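The values are calculated or read from the model by the stated rules, or taken from the named source; none is laboratory data. This structure is a prediction, so every number in the text was calculated from the model and none was measured. Please note: Cβ atoms are built from the backbone with ideal geometry, for glycine as well, and neighbour counts cover all protein chains shown. Note: accessible area is taken over every heavy atom of the protein model, side chains too, but ligands, DNA and RNA are not part of it. Shrake-Rupley method; radii C 1.70, N 1.55, O 1.52, S 1.80 Å.
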Amino acid sequence: MFLTLRLLSNRHPSFIARTVFVKNNNVDDASRLVNRILGKEGILEQYRLTRYYEKPYQTRRRVNHERCKAIYNEDMERKIQFVLRKNRHDPFPGCS
Amino acid sequence: MLSAIRNTLRVPVTSVARLFQTSVPQASDKFDHKRIPQDDEGVQGEKIVDLDSVIKTKQNLFPTLESDNLLFDGTLYKDLPICNIRVTHNNTIFTMTDAGGTVKAIRSCGMEGFKNTKKGTNIAAQTTAIALATKVLDRGVKTVRVRVKGLGPGRLAAIKGLQMGGLQIVSITDNTHVSWNPPRARKARRL
């Protein structure tokens with residue numbers, strides 16, 4: 001009940017959103033986990049991007065660069081998987 | 001005559017064809033030197049920690065419907081005092097408040113005797129945190145929840161320092177204000 005009210009009144013209610021409990025007094029792990037979650041959600045990236053104004057040409061360049069990188073990474077990942085695949089027809093190609 | 005012209009034309013064409021690479025898109029080195037996070041922004045583990053395994057192994061890491069009414073050191077979670085930490089590149093400011101938000105103690109790296117660029121270091125943040133923790137422990141506050149705002153070298157060190165000072169930290173919350181349609185930011189730095 002109170003939770004729904006809090007969620008309705010505030011989209012980012014503190015101590016519910018972006019919160020991690022500390023287990024066994026291990027503060028390091030907890031803060032790392034928070035950082036990891038923020039990084040994965042793109043919150044830190046957005047924070048860093050909006051510190052200074054990014055001119056439109058810079059945005060275009062950044063986006064294009066990200067696209068190129070994504071394509072390259074995908075291809076490279078596939079190549080690596082292909083080379084590292086386990087169940088080959090000929091287990092030692094080129095060695096017969 | 002014609003064949004001689006053809007030959008002269010051909011040579012540059014072939015050499016161009018050799019220069020043209022289709023395999024690897026070249027990333028320009030100039031581009032993202034500003035985008036790379038600096039050495040210490042207090043965001044260790046941003047890209048390392050394996051989230052899936054962590055979530056699988058441990059339970060009760062994240063707040064739920066009942067977490068407001070959990071007991072920590074004899075106090076309800078929602079009634080625990082809060083330690084707000086404002087982290088910037090140039091300073092770290094600690095504010096102890098009770099659950100309602102009334103300020104009980106303020107400490108910053110500048111107040112602790114660090115001046116100018118030294119304010120923004122992790123060592124400054126840690127010493128300030130220890131000083132605040134001892135000050136607050138005298139007043140009888142032992143268990144706190146931590147709310148961090150901003151990125152900076154003091155981010156991780158501040159939380160560590162609070163623990164080293166003797167405070168029991170129940171939870172860590174990030175409260176960094178991030179907008180996806182922000183007003184125009186200040187102009188870019190020229191390095």
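Taken over region A:22-47, the criterion of being facing chain B (nearest Cβ under 7 Å) and closer than 30 Å to B:R190 by Cβ is satisfied by A:N35, A:L38, A:G39, A:I43, A:L44, A:Q46, A:Y47. Within region A:12-39, the only residue that satisfies the criterion of being under 22 Å from the mean Cα position of the chain (by Cα) and loosely packed, with under 14 Cβ neighbours inside 10 Å is A:H12. For region B:89-121, name all the residues that are of a type in the set (K, R) and surrounded by fewer than 19 Cβ atoms within 10 Å (Cβ to Cβ). Answer for region B:89-121, where residues must be of a type in the set (K, R) and surrounded by fewer than 19 Cβ atoms within 10 Å (Cβ to Cβ): B:K104, B:K115, B:K118. Considering each residue of region A:51-87, count those that are aromatic (F, W, Y) and within 11 Å of another protein chain (Cβ to nearest Cβ), and give that number. Within region A:51-87, residues that are aromatic (F, W, Y) and within 11 Å of another protein chain (Cβ to nearest Cβ) number 3. Entry remark, region B:113-148: residues being in contact (Cβ under 8 Å) with a residue 12 or more places away in the chain and either acidic (D, E) or in contact with a Lys or Arg (Cβ under 9 Å, 6 or more places away or on another chain) (or both) number 13 in total. Mind counting the residues in region B:122-162 that are open to solvent by 50 Å² or more (accessible area, probe 1.4 Å) and part of a helix (DSSP H, G or I)? Residues that pass the stated criteria total 10.
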